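Below: the structure, in C-alpha cells.
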C-alpha cells in the first residue's frame, strides 16, 4: 500500500488549518471520559460499603487509649518573653567573667576583651614545614554550659 502524498510545490500551504476538528468525536470522547469517572466513583462507593459492612470494628488497643505526655520541652506559654530572658542570659554570659572549669584553669572573659586580646596577640600561625599531629581526644562541653562558642569547649590538648 503505497500512498502518494501531494507535494508541497503542487499545493501551496495555507497559513492556517484547512479542516476543523471533528466536534462529534471530541464530544463522544469527553462523554466517555466522564462516564469512566462516574463509573470509578460508583465502584469505589460500592467497595466501601461492602468492606465496611463485612468487617467488625475492633476496639482500639491499650497503646492508643493511653494519654502520653510528650517529653520536654513542652509548648512554650510565652515564647517572646522566654526568648528575651534567654537572650539576656546569653548576653550576661558574653559580658562577664567566670570560671568554666576551675580544675583545668579555664576561664571566661567578656567578648569585647577577648576580641581586643585577639587583635593584640593575633592568631597562632603554623611555621612553614611544621607538621601538626592529629589528636583523637574528643571535644567536651561541660554540662549546663551552653554559652557562645569558645566558652567551655575544650579542644585537643597537645601531648
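The values are calculated or read from the model by the stated rules, or taken from the named source; none is laboratory data. These numbers were taken from a predicted model, which means no experiment stands behind them. Heads up, the Cβs are rebuilt from the backbone with ideal geometry, glycines too, and the neighbour counts pull from every protein chain shown.
Looking at (1) modelled with pLDDT under 90; (2) surrounded by 10 or more Cβ atoms within 10 Å (Cβ to Cβ); (3) in a helix (DSSP H, G or I), which is the one condition that is false for residue 90?
With (1) modelled with pLDDT under 90; (2) surrounded by 10 or more Cβ atoms within 10 Å (Cβ to Cβ); (3) in a helix (DSSP H, G or I) applied to residue 90, the lone miss is (1).
Quickly run through segment 63-104 and pick out the residues that are touching a strand residue (DSSP E or B) at 6+ places or on another chain (Cβ under 7 Å) and without any contact (Cβ under 8 Å) to a residue 24 or more places away in the chain.
97, 98, 99
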